[in-house]
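The numbers here are math on the coordinates, done by the rules we state, and not lab data. The structure displayed is predicted, hence computed values, not measured ones. Positions of Cβ are generated from backbone atoms using ideal geometry, with glycine treated the same way; all protein chains shown enter the neighbour counts.
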Amino acid sequence: MAISYDWRILNTTYETATGGIISASWQCAGTHTDGTTSDMRSSMHLTYAADDPDFVPYSDVTEAMVMGWVQARLDVTELETLIAEDIGELQHPVTAEGLPWENAA
């Protein structure tokens, strides 16, 4: 199954006084070569210390930095596996919905 994954940061929340990012919303979208897609998205709380020598001012933060912070706290392999399983179920459904009497001739 050839699936490509696209990770993105959708938004952040930060403290205006310090510029420290306190939460990030993220999304991982999987796309199969046949066009079938599935995604997961969520938000997570982040912590920082403005006096830490590694603190990055808000104006210098990049998407790659925030993505690193987020992915360090997630099981990326497990999430991508869940997306792949969902795509597989979309491609080969094992359940359906409906009312049998509405399809009667």
All positions within region 39-73 that are of a type in the set (A, V, I, L, M, F, W, C), surrounded by fewer than 13 Cβ atoms within 10 Å (Cβ to Cβ) and within 20 Å of Ile83 (Cβ to Cβ): Met44, Ala72
Which of the numbered conditions does Glu102 fail, given that it passes all the others? Conditions: (1) of a type in the set (D, E, K, R); (2) surrounded by 12 or more Cβ atoms within 10 Å (Cβ to Cβ); (3) over 13 Å from the mean Cα position of the chain (by Cα). (2)
In region 23-38, which residue that is more than 15 Å from Val66 (Cα to Cα) and in contact with a helix residue (DSSP H, G or I) (Cβ under 6 Å, 6 or more places away or on another chain) is surrounded by the fewest Cβ atoms within 10 Å (Cβ to Cβ)? Thr36
Residues of region 1-22 classified as under 20 Å from Val76 (Cα atoms), surrounded by 13 or more Cβ atoms within 10 Å (Cβ to Cβ) and polar (S, T, N, Q), total: 1
Residues (in contact with a strand residue (DSSP E or B) (Cβ under 8 Å, 6 or more places away or on another chain) and hydrophobic (A, V, I, L, M, F, W, C)) located in region 35-73: Met40, Met44, Leu46, Val61, Val66, Met67, Trp69, Val70
